[in-house]
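Below is one structure, written out as structure tokens, with a few remarks after it.
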Amino acid sequence: MIYFIGAGPGDVDLITVKGRRILEAADVVIYAGSLVWDAHLKFCRKGCETYNSASMTLEEVIAVMLKAEAAGKTVARLHTGDPTIYGAIREQMDYLLKHNTSYEVIPGVSSFTAACAAIKREFTLPDVSQTVIITRMEGRTPVPEAEKLELLAAHKCSMAIFLSVQDMETVVEKLAKGYESYDVPVAVVYKATWPEQKIIFGTLQDIADKVRKEGINNFSQVLVGNFIEGDYKRSLLYHPGFSHAFREGGK
């Protein structure tokens, strides 16, 4: 059996219990070495074959999977964060389907939720934002025209931006155009949950300078929106005057 497993954002204990159990029992582990902390490999059993996919092509990865599957071995394909977000797993799954090979996807903690936890905030605040946009700026990989950063920012909701900190100045200009202001809170989280984690707070006015001074140009989440700083209304969920199926509220 082949398993696509989300390894979590960094900290090896943020893999799911199910993911860890499969990793411990796997005969073959293919891990995204440029992003996944290799400390995960210490949980592999003795004799497990390991492959770092950072230096492999899609075809080479699939060849290892199919060979192991044909031999009746268990394969753990270890991706960073949650494999369904910027994981490039669809093309792998489609290859396996063409070869009538079954697989399972095990979700993981994404770096965007880990980053929000690191700054001790909540993306969805009453009267502030009930929507989170997960996106990236175009680079060598383009984005659809309707998903340009400035168009998404115009919704003025909470945003988590992947794979873009290397061009922070352009990110800022696009966001400011959409938000129609430079006075928007921003947090940049470098390597969320790793030992070398860094958190930088600012606004669109000054965040690019702060990021450059720290020498950060990769492995970061850019979180944007008024959920970071500012007022919000109390949630109705725990309000004494609010009734729901599990509690009768007072007057």
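Within the stretch 31-44, the residues that satisfy the criterion of being crowded, with 16+ Cβ neighbours inside 10 Å and of a type in the set (A, V, I, L, M) are ALA32, LEU35, VAL36, LEU41.
Kindly indicate the residue of the stretch 176-219 that is in a helix (DSSP H, G or I) and in contact with an Asp or Glu (Cβ under 7 Å, 6 or more places away or on another chain) and also surrounded by the fewest Cβ atoms within 10 Å (Cβ to Cβ) among those meeting that condition. Applying the filter and picking the extreme gives LYS177. Within the stretch 14-30, is even one residue crowded, with 21+ Cβ neighbours inside 10 Å and either out of contact with any strand residue (DSSP E or B) (no Cβ under 8 Å at 6 or more places or on another chain) or modelled with pLDDT under 95 (or both)? No; the residues of the stretch 14-30 include none that is crowded, with 21+ Cβ neighbours inside 10 Å and either out of contact with any strand residue (DSSP E or B) (no Cβ under 8 Å at 6 or more places or on another chain) or modelled with pLDDT under 95 (or both). Of all residues in the stretch 81-121, exactly one satisfies the criterion of being touching a helix residue (DSSP H, G or I) at 6+ places or on another chain (Cβ under 8 Å), surrounded by fewer than 16 Cβ atoms within 10 Å (Cβ to Cβ) and touching a residue at least 40 places away in the same chain (Cβ under 8 Å), namely SER102. The set of residues in the stretch 156-175 being buried (at least 20 other Cβ atoms within 10 Å of the Cβ) and acidic (Asp, Glu) is empty.
The set of residues from the stretch 17-40 being out of contact with any helix residue (DSSP H, G or I) (no Cβ under 9 Å at 6 or more places or on another chain) and more than 21 Å from ARG90 (Cβ to Cβ) comprises VAL17, LYS18, ARG21, ALA25, ALA26, ASP38.
Any chance the stretch 85-92 includes a residue that's within 24 Å of LYS191 (Cα to Cα) and of a type in the set (Ser, Thr, Tyr)? Yes: one or more hits.
The values are calculated or read from the model by the stated rules, or taken from the named source; none is laboratory data. Only a predicted model underlies this, so the values are computations on that prediction, with no experimental measurement involved. Reconstructed Cβ throughout: ideal geometry from the backbone, glycine too, with neighbour counts over all protein chains shown.
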